[in-house]
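The values are calculated or read from the model by the stated rules, or taken from the named source; none is laboratory data. What you see is a predicted model, and the numbers here were worked out from it, not measured in a lab. Cβ placement follows ideal geometry from the backbone for every residue including glycine, while neighbour counts extend to all protein chains displayed.
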Amino acid sequence: MPIDLQDTITATASPPGASLRGIVRISGPETRQLLAGMFTTPPDTGDWHSATLPRRWPGTLRISAFCQPLPAALFFWPTQRSYTGQTMAELHLPGSEPVLEGVLEELCRRGARLARRGEFTMRAFLNGRMDLLQAEAVHGVIQAADHDELQRALGQLGGGITGNLRMLRTDLIGLLGDLEAGLDFVDEDIEFVSNEEIRRRLGAALQLIQSLVSDAASRLPAGHRRRIVLAGLPNAGKSTLFNRLTGSQRAIVSPTAGTTRDYVSTPVILGNFTVDLVDTAGWEDTADSILSRAQEFRQEQIDAADLIVWCRAADLPTEQRAAESQLHRQLQNRGFDLLTVKTRSDLETTATPAPAEDIAISAATGAGLTALTERLVRALERGNQARSELLGTSAVRCRESLQRAHTCLSQALQAAVDRRGDELISLELRQTLRELQIVLGEVYTDDLLDHIFSHFCIGK
Ligand SMILES: Nc1nc2c(ncn2[C@@H]2O[C@H](COP(=O)(O)OP(=O)(O)OP(=O)(O)O)[C@@H](O)[C@H]2O)c(=O)[nH]1
Ligand SMILES: [Mg+2]
């Protein structure tokens, strides 16, 4: 999409459908003139046309399509100190679709054009009101799948990570300046910064980038929910547990082994997280085609799982235990995050001790279910610790640059340790700074902006 900041753009900024209040947003150099013939304030409230400070103005709006003036409030930002970094206004009106459409038509008739997806936020970015990480955070706040993701998006929007990266960049620019100044005086043996100091500063920089690299590697795109998959042998009580945890009867339960064929997935709230809970078919060898399709579905779900809850019936017949343990071990060996649950614990007999499990529950009596939920929340929090800063969408965009910045910094540090000369360190530092510029969105292409902002909604 061509980038044009001189057009005056408009869009509805409130959600579709009838509501008490609807909002039409306008941004661009012609905002004041466009509204001049439409919006009027009562005589005692002053003249909004000559306003120099942002303010709310009560009044009425005249639209040629309607006979009566509409009650409206105008929020007007006359200068560049607005969300978009240019003159901007919001009309707060009765939230009726025909009213909002009428206002948009009138504004377009007077010279505005309809805004594209994310165009208000793109203007904010292009006018320096926020950096790319913050612009991505605006989308993150809107799309947040749960409380935890919302917190991260708000942190990024507030500039937490940007602040750290900017500080790092300032320090690296300072270090580069010292190194390059030293290069000019290399014959006179003047040292602007000691080797020890270089190593200390590079080490600190590397630590920050290292944490961002692992953070970026593990982030999911915004709005992507994590997946907890219930697995185990047929009749282990997976579907019964699924129904208990989801408070539904979505999964069919029966004493016949092999009841679940297709998998069933439902979002559930666990602490601050919303996850997809998935019930799968019990694990069995089979030549039957429907059954084997069910086993394929199960395998797909297992492969996509963030956490597997392995269900092992307390009354599992002794002759099945060896095979069951083998399957369990296979999953462990493949490195899955696994929580082993002893199900149907009310049916346990003391005759033969069962293998050790993490936790025992009974879906029939409700025993252990609260403890299981707590364990699941803890497992989700554990999985979250390594990924505390970056939003998923930013992580996907920045992953390669962060990785390259990390490589350059490691090489710079190694060059300092080996005392291979300040030219080499400078070279690596220059490349690191270029990668940081990409992360902060100071270097970008139109295609990249298109890609980022096309995921936004219109009016944002
Ligand atoms: N007593 C008791 N029975 C249970 C418990 N959990 C499940 N059951 C019973 O065990 C049987 C199998 O339960 P399901 O939930 O269908 O087991 P599943 O693991 O989904 O089985 P498949 O879909 O065949 O793989 C049903 O008759 C349930 O009523 C429990 O905690 N206590
Ligand atoms: Mg089942």
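Quick look at the values:
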{"item": "Subset of segment 353-387 that is assigned to a loop (DSSP other than H, G, I, E, B) and away from ligand 1 (no atom under 16 Å from the Cβ) - its residue that is modelled with the lowest pLDDT", "result": "Ala386"}
{"item": "Number of positions in segment 421-460 that are basic (Lys, Arg) and within 24 Å of Glu197 (Cα to Cα)", "result": "2"}
{"item": "Qualifying residue in segment 292-302 (condition: touching a Lys or Arg at 6+ places or on another chain (Cβ under 8 Å), modelled with pLDDT of 75 or more and within 15 Å of ligand 1 (Cβ to nearest atom))", "result": "yes"}
{"item": "Any hit, segment 83-93, residues being crowded, with 18+ Cβ neighbours inside 10 Å, part of a strand (DSSP E or B) and not hydrophobic (A, V, I, L, M, F, W, C)", "result": "yes"}
{"item": "Residue selected from segment 241-252 under the condition near ligand 1 (Cβ under 8 Å from one of its atoms) and surrounded by 18 or more Cβ atoms within 10 Å (Cβ to Cβ), by the criterion nearest to Cys311 (Cα to Cα)", "result": "Leu241"}
{"item": "Residue in segment 3-23 that is modelled with pLDDT of 95 or more, touching a Phe, Trp or Tyr at 6+ places or on another chain (Cβ under 7 Å) and buried (at least 20 other Cβ atoms within 10 Å of the Cβ) present", "result": "no"}
{"item": "Long-range neighbours under 8 Å by Cβ, at least six apart or interchain, first residue at positive phi within segment 355-380, second surrounded by 14 or more Cβ atoms within 10 Å (Cβ to Cβ)", "result": "Gly366/Arg244; Gly368/Ser345; Gly368/Ile359; Gly368/Ala360; Gly368/Ile361; Gly368/Ser362"}
{"item": "Residue, nearest to ligand 2 (Cβ to nearest atom), within segment 233-272, restricted to residues that are of a type in the set (D, E, K, R), part of a loop (DSSP other than H, G, I, E, B) and within 29 Å of Ala322 (Cα to Cα)", "result": "Arg261"}
{"item": "Top-ranked residue in segment 400-420 [being within 14 Å of Arg199 (Cα to Cα) and small (Gly, Ala, Ser); ranked as surrounded by the fewest Cβ atoms within 10 Å (Cβ to Cβ)]", "result": "Ser410"}
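Residues are listed down the side, and each one gets a yes or a no for (1) away from ligand 2 (no atom under 16 Å from the Cβ); (2) within 22 Å of Glu374 (Cα to Cα); (3) within 35 Å of the chain's Cα centre (by Cα); (4) at pLDDT below 85:
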residue	(1), (2), (3), (4)
Asp279	no, yes, yes, no
Ala287	yes, no, no, yes
Asp306	yes, yes, yes, yes
Glu319	yes, no, no, no
Ala322	yes, no, no, no
Asp337	yes, yes, yes, yes
